[in-house]
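Quick notes on the structure that follows.
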Amino acid sequence: MVALLLILCLLHHLPAVFGANLYACPGETVTLPCDGPADKDTNVVDMLWKFGSMTICSFKNGISKFEHRDFVNRTQLGSIRQSNFSLVINRVIVQDHGGYKCLINDKVIQRNNLFVRVPDENSPGEFILCLINMLLPQSESYIL
């Protein structure tokens, strides 16, 4: 019984350890998931989204602050009152490619790797994937 509980606990925390791989094409919208603690008042939660070593945005004392100029007017946070601290990046650009971390109360809650697909004549598969994503009525990224 204890072993089963340990396995379930490990499975619950694997996304934070290994992260999710998300894929998007330039111009799309992608959501990087991060769920906060459901039992806490969100006004007392300190949250940071980091891209590499730079802080993209923060949420402290009930106030959201978008800090990095490359992400201002292109990002928004999820439904914070429902403990959803997901980062939504609109109009993805090639420079958004890389690793992201969601930290809540100084603890890494979620790691995400965003891969920006750049179609070119040497990779027709990438071009088709981006074209399909642009034509579909959804604007969310897909997780592989």
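The values are calculated or read from the model by the stated rules, or taken from the named source; none is laboratory data. Just so you know, these numbers come straight off a predicted model, no measurement behind them. A quick note on method: Cβ atoms are made from the backbone with ideal geometry, for glycine too, and the neighbour counts reach across all protein chains shown.
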Out of curiosity, is Val45 surrounded by fewer than 17 Cβ atoms within 10 Å (Cβ to Cβ) and in contact (Cβ under 8 Å) with a residue 24 or more places away in the chain? no
Can you confirm whether Val118 is assigned to a loop (DSSP other than H, G, I, E, B) and at pLDDT 90 or above? no
Quick test of your reading of the structure: His68 fulfils all but one of (1) within 18 Å of Ser86 (Cβ to Cβ); (2) in contact with a strand residue (DSSP E or B) (Cβ under 8 Å, 6 or more places away or on another chain); (3) modelled with pLDDT of 85 or more; (4) surrounded by 16 or more Cβ atoms within 10 Å (Cβ to Cβ). Name the failing condition by number. (4)
Name, by its number, the condition in (1) within 24 Å of Cys130 (Cβ to Cβ); (2) crowded, with 17+ Cβ neighbours inside 10 Å; (3) at pLDDT 90 or above that does not hold for Cys34. (1)
Take Ser58 and tell me if it is among the small types (Gly, Ala, Ser) and either at pLDDT 85 or above or closer than 30 Å to Cys130 by Cα (or both). yes
Scan region 65-79 for residues that are in contact (Cβ under 8 Å) with a residue 12 or more places away in the chain, in a loop (DSSP other than H, G, I, E, B) and more than 12 Å from Thr55 (Cα to Cα) and jot them down. Arg74, Gly78
Taking region 84-115 and keeping only residues that are surrounded by 18 or more Cβ atoms within 10 Å (Cβ to Cβ), of a type outside the set (A, V, I, L, M, F, W, C) and in a loop (DSSP other than H, G, I, E, B), one is left with Ser86
